[in-house]
């Protein structure tokens, strides 16, 4: 796992060096640049497979024609290597990077049809003067780009582009309402002006001064192409175990120590079971919180279940206690995330991977199972609304108002009333609006009340939900459940969860692997009937649970999903309350003129008194203000590593 950077159209080698060194945290083991007349590539290396210098990047073909800068892992590289050797290719390393270089030469743009892995790479043809950029199927690895003065710039992180292109640091405030609604920004735009994300499953080609993009794998289109399986129930379970077991086996390949993030939930415990089945007894890591902070939230404590799983499989469990350091960790987490991501797990993941890095370079995670097997509570909640459409809408709205009034009066605590109030608030709405209501954290009217008048015009329904609405339209014809899952595969998964996971782990030079997101397993999940995912009102991940019944502890198999989330609502009422007030109502934040300070002050007070629930909303504002301070305000953009220290591998002799 590494960091890549580059440019094509014109070459500024010093800018390329700065971009590359802005990514040093992603690859502290090695770094280099390659420059040609019209293009340049940079690479920071985290050594995982083949630790020798033979695997150094940017990597050149033996004749010097083709150049590769690659971030990620190709998990089927051994099979591809055998094919390429049979075709006459010779290898000087044992790395998957060299396999990818030769594969791109052999199969061209269609190489994406053969790859299994998590990757973002740049492949340049010095003769044709043609650049190919590729991002993996699900968007596990990030890739950003922008155009300036007829030159294309790209990098693994947006900050590498902003470091050499100051104009991109001006925030694109029309996207602010979208961020508030979802905690992240749907679509390929970013708050950095002019910087875009290459979409998952996309190839981009730059030639003759033009960038052309093509989707080679689209979840919605793929879902529509795949027929439902005709296998019986036991056969479906067996196929699921086979596919996931194979994905885990392939992802255990590493020349450095490998461990597991273990929450004690179903998904990560199945990971542990499969790793153990393949003879790997990993070091496991989990996060825990104090009893006081958990008392003000609604999530069940994961720690007893993580300990149970570790004991069942005989592995050592390292427990990271996260509490007092949150205010110190948050600014750092925001910096590493590039984009404002208001998922509170950004601090958990940063702290936990830092703990793991003392002994591990690679961690497996259970991420992705919720998106492909319908693990989130919002899915059955949306479907419940379909079955209750016969109830008068005024009755459901009155019930929602009643719950909210009970919270304000103190008859019902905010902790206990939050979810019933949210459920009732959207139950009467049409299917798509109900899903978006359960997927967002600020309603349109709340965003209007918060924003100053200049920004309110960007808070209309189309600005907030247009990207989702377009995806829903494309998914028309799928079942209601499949439509929700397909939309989340295109948005929530890559743009929040995977972005968070990549940035916070790579901040500590830790590679995260996600076997549930092997695209072959994802495609298999598309073949399954809805009842294999949700049964009854709230039985979720049905086939996944039944396939591992008797293989992991029953107490874990039967426990409800809690969300791998810190007790942020408790923090915002107690330990972070005054910190939040200081940051959001301080002179710097007020001077921006973006938000109503009176509204923010009211939210802080009402939340602290338990009259209403604003914990996640306040956290969203806190993350945004830290983002503004670190990226939009004046700061030193000098890399922590010396740009001039990077060798240039431009000549064949230095390759």
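Based on this model, can you work out whether residue 472 counts as in contact (Cβ under 8 Å) with a residue 12 or more places away in the chain, more than 29 Å from residue 335 (Cβ to Cβ) and either in a helix (DSSP H, G or I) or not assigned by TED's automatic domain parsing to the domain that holds residue 119 (or both)? The answer is yes for residue 472. Evaluating residue 359 against the criteria (1) assigned to a loop (DSSP other than H, G, I, E, B); (2) buried (at least 19 other Cβ atoms within 10 Å of the Cβ); (3) touching a strand residue (DSSP E or B) at 6+ places or on another chain (Cβ under 9 Å); (4) in contact (Cβ under 8 Å) with a residue 60 or more places away in the chain leaves one unmet condition, (2).
Filtering the range 85-107 to residues that are part of a helix (DSSP H, G or I), over 22 Å from residue 247 (Cα atoms) and in contact (Cβ under 8 Å) with a residue 12 or more places away in the chain leaves 101, 102, 104, 105, 106.
Evaluation of residue 520 against the conditions (1) more than 25 Å from residue 436 (Cβ to Cβ); (2) touching a helix residue (DSSP H, G or I) at 6+ places or on another chain (Cβ under 7 Å); (3) buried (at least 19 other Cβ atoms within 10 Å of the Cβ) shows that the sole unmet condition is (3). Every condition in (1) more than 22 Å from residue 133 (Cα to Cα); (2) in a helix (DSSP H, G or I); (3) not assigned by TED's automatic domain parsing to the domain that holds residue 527 is met by residue 185 except one, and the failing one is (2). Identification of strands (runs of 3 or more DSSP E) wholly contained in the range 1-61 with 2 or more residues that are under 25 Å from the mean Cα position of the chain (by Cα) and over 16 Å from residue 124 (Cβ atoms) yields 2-8, 39-45. For the range 254-292, a residue qualifies if it is touching a residue at least 60 places away in the same chain (Cβ under 8 Å), touching a helix residue (DSSP H, G or I) at 6+ places or on another chain (Cβ under 7 Å), closer than 23 Å to residue 73 by Cα and in a loop (DSSP other than H, G, I, E, B), and exactly one does: 282.
The values are calculated or read from the model by the stated rules, or taken from the named source; none is laboratory data. All values reported here derive from a predicted model rather than from experimental measurement. Here the Cβ is made from the backbone with ideal geometry for all residues, glycine too, and neighbour counts use every protein chain on show.
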